[in-house]
1. Which one of Tyr77, Thr57, Gly103 has its Cα pushed farthest toward the positive end of the charge dipole of region 54-202, where Lys and Arg give +1 and Asp and Glu give -1 at the Cβ?
2. Kindly identify region 162-216 as rounded, prolate or oblate by the Cα gyration tensor criterion: order the square roots of the eigenvalues as a ≥ b ≥ c, call it rounded if a/c is under 1.5, otherwise compare a/b with b/c, prolate if a/b is larger, else oblate.
3. What residues of region 58-101 lie in the reach of a label at Gln7, counting those whose backbone N is under 20 Å from a point 7 Å from the Cα along Cα→Cβ?
4. Highest first, please rank the peptides 187-198, 112-123 by the mean number of other Cβ atoms sitting within 10 Å of their residues.
5. Karplus couplings for region 71-85 from phi (6.51 cos²θ - 1.76 cosθ + 1.60, θ = phi - 60°), rounded to Hz, Gly and Pro as x?
6. For Lys157, what accessible surface area do you get with a 1.4 Å probe? Give it in Å², rounded to 10.
7. Taking all protein chains as present, what is the carbon and sulfur share of the accessible area of the chain, in % to the nearest whole number, probe 1.4 Å?
8. With the cut-off at 1.5 for a/c, could you classify region 67-112 from its C-alpha gyration tensor as rounded, prolate or oblate?
Amino acid sequence: MIYKADQPDLLLLQPVDSHDLEVLDDEVAAIESHTVKHFVLVAFEVKDWQSELTPWTAPAVFGKTPFGDGAENTLSYLKNVMMPELQNSQIYDAAAMKCMIGGYSLAGLFALWTCYQTTMFHGVAAVSPSVWYPGWLDYVENHQPMAPSVYLSLGDKEERAKNPVMSRVGECIRRQYELLDNQGVNTVLEWNQGNHFQHSEERTAKGFAWLMNQIQ
């Protein structure tokens, strides 16, 4: 799904599920309420979040389905298929428009992971990202991010999760922020009221808007 303002100078990419698609109009309206920048938002649906958005395999954390290693294929699709198609259809002008990526939950983790893989994104909005993911902190402590700006956020009740792996999300995102800040990335960690399942569209909109407002 594509939203395009008149004379946009920013391209926003967002992996979404069916729920995200249902509230996308509200997200776009919320972005517009937080910034005066003109943008294109391209939301692409991901069917299997636990496989297509995660960078390496890991045991199941919730339910019985383990995580896959499809993030590299998803990023390859963005770089080699989606971006050329957007340019060919004149939705995206690589010479005139900066590109940003953002997402919520596992999509937020994927967005964050991309900034360690490529320089194509000027900003990353990792909203309630699954930084509890097994092996994630070890990975980021040994890799350098390539995006100049990264927005992080979390609900203030998320670290109270009963799941022992997911309850580490608070300490993990604090460490993620510390690392990015020490590495010279323009970053912020914003705390929202509520648990993981509240106001995802508004929270994601705030993340994109923060990134967009960093552009002079």
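1. Thr57
2. Note, shape of region 162-216 comes out oblate.
3. 90-99
4. Working: 187-198: 14.7, 112-123: 20.9.
Per-residue Cβ counts within 10 Å, averaged per peptide and sorted highest first, yield 112-123, 187-198.
5. In residue order, the calculated couplings are 4, 4, 5, 5, 5, 4, 4, 4, 6, 9, 10, 5, 4, x, 5 Hz.
6. 100
7. Percent of accessible area from carbon and sulfur atoms in the chain: 46.
8. oblate
The values are calculated or read from the model by the stated rules, or taken from the named source; none is laboratory data. It should be emphasised that the depicted structure is a prediction, and the values quoted were computed from it without experimental measurement. Every residue, glycine as well, gets a Cβ built from its backbone with ideal geometry; the counts of neighbours run over all protein chains shown. Heavy atoms of the whole protein, side chains included, go into the accessibility calculation; ligands, DNA and RNA do not. Shrake-Rupley method; radii C 1.70, N 1.55, O 1.52, S 1.80 Å.
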